[in-house]
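The values are calculated or read from the model by the stated rules, or taken from the named source; none is laboratory data. Since the model is a prediction, treat every value here as computed from it, not as a measurement. Cβ atoms come from the backbone with ideal geometry, glycine included; neighbour counts cover every protein chain shown.
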Amino acid sequence: MESISAFEIIKVGIGPSSSHTMGPWKAAELFIDEIKQSQPLANISQINVHLYGSLAKTGHGHGTDVAVLMGLAGEDYTQINTDTIPEKVNAIKSSKTILLGGVHTISFDYDKNLVFEYEQTLPFHANGMEFIAIFNTGELLSKKYYSVGGGFVATENDNTITQNAIVTPYPCHHAITIAENCAKLDVRVSDLVMINEQAWRTEEEIRQQALYIWNEIKNCIFRGVNKTGILPGGLNVKRRAAEMNEKLLAGRHCDNVDEWIRAVKASDKSFTSINKWISCFALAVNEENASFGRIITAPTNGASGVIPAVLMYAWCFVDGFNEDKVIRFIITAGEIGTIFKKNATISAAMGGCQAEIGVSSAMAAAGLTECLGGSPEQVLMAAEIAMEHHLGLTCDPIGGLVQIPCIERNSMGAIKAITASNIAIESDPKSAKVSLDAVVKSMWDTAKDMNNKYKETAEGGLAINIPVNNAEC
C-alpha cells in the first residue's frame, strides 16, 4: 500500500461537495487534458456528459452540473472568483455554447448534452460519470470517471491518489503502525508525520503549506461571519453565523480577519460563550461551502467546518497555541484522515455521513490532542472516541443540498472532537477496550451494510420526511 500525503486529505476546495462538485470538476479537467494529449480541442464538435448514481440523484443540489460545466470550460476551482460562477453558468445555458478548455467554442445544450441518469448506477462506484467527445471526423472518445470522496477521482484502472503516492520512510497504513513507529523513533505523532511528509516536500515547504491552509481557514471563517441572507438552492435556509458573531461581539464591527480574531480572543470566555463560538466557526465555513465558496476540504466539503472550528477554538481559547501547533495540528489531522481513506472510505455515497463528519471529527480530535501534549496513544485514542460516536451516521440531505442537516452537523462534529480530546487527555490508553483500527473496520463494515437510501441519495431519512419543493431545489 502506498502512502498518501496529509495535504491530499486537507486541501483547498470549493463548495458545496468534494465528491459531487470538486470530483466532477476535476474529472472534466482530466477528460479535456486527455483529449489534448492526442489532438487539438478544435477537432471536437460535441461533448456529452452522463451522471450516474448519487451524482444524478443529488447532483442538482450539490452543484454537480455546475462543476462539470466549469471543468469543461477550463476553470480552476482553486483560483476562480467564486462570485462569478453563476454568471458563467448562465452564459453557457443561455448561449447554448461552451468555451471548451477555455480555447474552443462548441455548441452545448445544457438540457440535452448533460444527462442525469437517475435510474442507473455504474458498478464500480456510486459516484460515476461518463464523458463522450465527438470529433469532426465522427470519431468518438468515451471515458468513465468516479468521484471517490474528498475530491479524489478514479477510473477503473487508475486514480488521482496514486499520481502523488509515494512509499514513505515509515509507512503508516494503520493506527497501530503510527504508534509503533512513534515508539521506535521516540517521537510525537506530528514529528513522525513531518518525517514522512518530506517524501513529497521539504520541511520548510510542509510548514508553508500548513500555514497556507491555516490562512485560508481564517479567511473562510471571517467571510462566513460577515455574510447574511438566504443560501442558494430553494430551501430558503438563513445564514446564522453572522448573527451569532454579532451577538457574541456585542455588535462590534471588525474590518479584517486579524482584528476580528483579536476581538474573539477578548470576548467572554465562559463555557457557554466558547461553545457558541465553536458553533459559529463551523456554521460560517459550511454556509460558505453551501454557496459555492472557497473552503478547506478536510477531508470532504460536507465536513469542511469541523477542523476549522476546532482549530480556531484552539487558536483563540487555548493558552500558548501558536503557529507551530497549528502546523502540528494540521499534519496530524491529515495523517489520521489517510487511515480512513486507505482502510474504509471518506465518501458519503459509499459510507453515509459517518465517512464525512465522523472522519473529520476523528481528525480534529487527534490534531487537538497532539497540540495539547497528548502521547501518540492518546492521539489515536481521541480519534477513536470521536469516530466511535459517529458510527452509523446517515447522509440524508434535504433536497439533495449540503445544508440540512449538514451545516449544523459540522458544529456537532466539532464539539464531539473537543470532547473526545478532553477524554483522551485524561485517560490511560492502556485501559482502552477499543482501538482506532477496530473502529475504522467497524465503520467500513457499517458502511457496506448500510442501505443505499442513507448514502447521499436523498432517498431516505430527513430527505423524504421533510416536505420541500423539489422543483426549486
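Here ILE346, ILE357 are screened, and the one residue that is touching a Pro at 6+ places or on another chain (Cβ under 7 Å) and closer than 19 Å to THR21 by Cα is ILE346. The condition of being touching a Gly at 6+ places or on another chain (Cβ under 9 Å), buried (at least 18 other Cβ atoms within 10 Å of the Cβ) and not assigned by TED's automatic domain parsing to the domain that holds THR58 holds for only one of VAL264, VAL225, VAL285, VAL237, that being VAL285. Scanning segment 106-150 for residues that are surrounded by 14 or more Cβ atoms within 10 Å (Cβ to Cβ) and either basic (Lys, Arg) or in the same structural domain as THR457 (by TED's automatic domain parsing) (or both), we see that the one that is farthest from LYS341 (Cα to Cα) is LYS143. The single condition among (1) touching a Pro at 6+ places or on another chain (Cβ under 6 Å); (2) on the phi < 0 side of the Ramachandran plot that ILE44 does not meet is (1). Residue pairs whose Cβ atoms lie under 6 Å apart, sitting 6 or more positions apart in sequence or on different chains, and linking a residue in segment 326-355 that is free of Cβ contacts under 8 Å to residues at least 40 places away in the same chain and under 24 Å from ILE407 (Cβ atoms) to a partner that is in a helix (DSSP H, G or I) and of a type in the set (Val, Ile, Thr), do not occur here.
For every residue, the table says whether it meets (1) of a type outside the set (A, V, I, L, M); (2) closer than 30 Å to ILE206 by Cα; (3) buried (at least 16 other Cβ atoms within 10 Å of the Cβ).
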| site | (1), (2), (3) |
| --- | --- |
| SER3 | yes, yes, yes |
| HIS20 | yes, yes, yes |
| LEU41 | no, no, yes |
| ILE44 | no, no, yes |
| ALA91 | no, no, no |
| VAL103 | no, no, no |
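All of (1) touching an Asp or Glu at 6+ places or on another chain (Cβ under 8 Å); (2) at pLDDT 95 or above; (3) under 30 Å from LEU462 (Cβ atoms) hold for ALA56 with one exception: (2).
Here LEU185 clears all of (1) of a type in the set (A, V, I, L, M, F, W, C); (2) touching a Leu at 6+ places or on another chain (Cβ under 8 Å); (3) buried (at least 16 other Cβ atoms within 10 Å of the Cβ); (4) under 22 Å from GLU370 (Cα atoms) except the condition numbered (3).
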